[in-house]
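Novice: The structure's right below; bear with me while I get my questions together.
The values are calculated or read from the model by the stated rules, or taken from the named source; none is laboratory data. Fair warning: this is a prediction, and the values are worked out from it, not measured in the lab. Counting neighbours? That spans all protein chains shown, and the Cβs are built from the backbone with ideal geometry, glycine included. Calculation scope for accessible area: heavy atoms of the full protein, side chains included, ligands and nucleic acids excluded. Shrake-Rupley method; radii C 1.70, N 1.55, O 1.52, S 1.80 Å.
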Amino acid sequence: MSTPVKKAVLLACVWGFALVISALVRLWGVQHPLPLEVSATPVLLLLLMPAALMGGWLLMASRGSGESE
């Protein structure tokens with residue numbers, strides 16, 4: 001398979017997976033119509049964890065490359 005075909009397959013898989021998750025969440029919402037009460041901890045984790053992981057990844061990548069600014 002060529003690279004554009006692999007990228008198209010990957011894109012289709014990711015969008016398909018997102019569509020399945022969306023449908024499942026929608027179905028769960030129909031079955032549980034009351035508002036979902038969440039605590040602050042999961043919200044803060046979902047909000048801050050991606051930035052922390054990206055920052056750590058960038059720090060580790062810059063340390064290993066030998067380039068410093």
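Novice: To test your reading of the geometry: what angle, between 0 and 90 degrees and rounded to tens, separates the Cα axis of helix 40-65 from the longest principal axis of the chain?
Specialist: That works out to roughly 20 degrees.
Novice: Write down the Å³ per residue value for the convex hull defined by the alpha carbon atoms of the chain.
Specialist: 137
Novice: Based on the Cα atoms of the stretch 1-41, what semi-axes does the equivalent ellipsoid have, where each is the square root of 5 times one gyration tensor eigenvalue, given in whole Å with the largest first?
Specialist: 34, 13, 4
Novice: Then there's this: So what is the accessible area of the chain per residue, in Å², with the probe set to 1.4 Å?
Specialist: For the chain, the per-residue accessible area is 97 Å².
Novice: With label points built 7 Å along Cα→Cβ from the Cα atoms of Ala8 and Ala51, find their separation and express it in nm.
Specialist: 3.9
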